[in-house]
1. Name the GluC sites (Glu not before Pro) in region 32-129 that are in a loop by DSSP and that have at most 15 other C-beta atoms within 10 Å, would you?
2. Expressed in nm to one decimal, what extension gain is obtained for the pair LYS28 and LYS193 from 0.36 nm per residue of sequence separation less their Cα-Cα distance?
3. Tell me, what is the FRET efficiency for CYS223 and ARG75 to the nearest 0.05, using R0 = 35 angstrom and their Cβ-Cβ distance as r?
4. Any idea which of GLY85, TYR168, VAL133 is furthest toward the positive side of the dipole for the chain, if Lys and Arg beta-carbons carry +1 and Asp and Glu beta-carbons -1?
5. Mind jotting down the three principal axis lengths of region 181-227 based on Cα atoms? Whole angstrom, largest first.
6. Taking a point 7 angstrom from the Cα of ASP171 along the C-beta vector, which residues in region 121-161 have backbone N less than 13 Å away?
7. Roughly what % antiparallel, to the nearest 5, for the DSSP beta bridges in region 2-226?
8. Let me have the relative contact order for region 2-226, percent, based on Cα pairs under 8 Å that are six or more residues apart.
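Just so you know, all these numbers are worked out from the coordinates, no wet-lab data involved. As the structure is a computational prediction, the values presented were derived from the model and not from experiment. Glycine also receives a Cβ, built like all others from the backbone with ideal geometry; neighbour counts cover every protein chain displayed.
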Amino acid sequence: MILAAGKGERMRPLTDHTPKPLLPVGGKPLILWHLEKFAKAGFERIVINHAHLGDQIEEILGDGEAFGVELRYSREGEPLETAGGIATAMPLIGENIFPVVNADVFCGYDFSRFAGIMANMEREKMLAHLVLVDNPPHHPKGDFELEGGKVLDRISPQSLTFAGIGVYHRDLFETSEPWKKAPLAPLLKDAMKQGLVSGEHYTGRWMDVGTPDRLRELDHEICNQIC
């Protein structure tokens with residue numbers, strides 16, 4: 001699943017008429033980088049939730065055939081936050097364990113790793129697996145600690161930032177009602193208390209593309225690499 005339902009308030013005025021996932025980076029929409037990586041990793045069906053100007057996302061991406069995948073859309077109307085969006089999209093997802101990526105991050109993370117993570121989660125009966133990164137300047141304190149392959153709800157000098165890349169078991173959302181706004185963090189923290197959230201520290205290229213300045217910086221960087 002790709003989460004694409006945010007309004008992109010910090011990206012205004014760019015998002016007044018264009019949904020953030022369609023903003024161009026390196027000559028193509030931000031969300032397309034994720035689609036291509038999922039397809040390369042062997043995923044055949046991808047669910048995209050959307051709200052703000054979501055019709056544009058469907059118009060540009062279509063049924064996914066052009067990118068070698070089948071696309072299904074979860075149309076929220078108003079953003080339902082992460083847990084609410086995933087719970088609402090669950091009938092479209094179908095699988096018990098599935099990867100979820102925020103549309104507004106850019107990274108070099110290898111999506112082919114998801115298959116092994118999903119198998120390990122099934123084996124170990126885990127509810128979630130989070131990809132964590134070094135704390136960016138705009139989020140210096142981080143979100144969670146990583147200790148012995150488990151993610152802990154603890155802030156310390158060793159804390160890392162959640163990358164917006166995770167793998168989840170549908171049981172994590174058993175208390176989440178479809179079509180009702182609900183954040184993901186409380187569900188993850190409850191699972192962490194039970195020792196049911198694994199994680200990894202990714203040290204490669206990653207950016208939360210949350211502001212026009214960061215978008216310009218990323219676009220300039222990619223264009224310099226491919227030109």
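1. GLU44, GLU95
2. On the way: separation 165, 0.36 × 165 = 59.40 nm, distance 4.06 nm.
Separation in residues times 0.36 nm, less the Cα-Cα distance, equals 55.3 nm.
3. Values: r = 33 Å, r/R0 = 0.94.
The calculated FRET efficiency here is 0.60.
4. In the chain, that residue is VAL133.
5. Cα spread of region 181-227 along its principal axes, largest to smallest: 48, 27, 12 Å.
6. 121-128
7. Numbers: 20 of 36 bridges.
Rounded to the nearest five, the antiparallel share is 55 percent.
8. On the way: 430 pairs, mean separation 55.7, N = 225.
After rounding, I find 25 percent.
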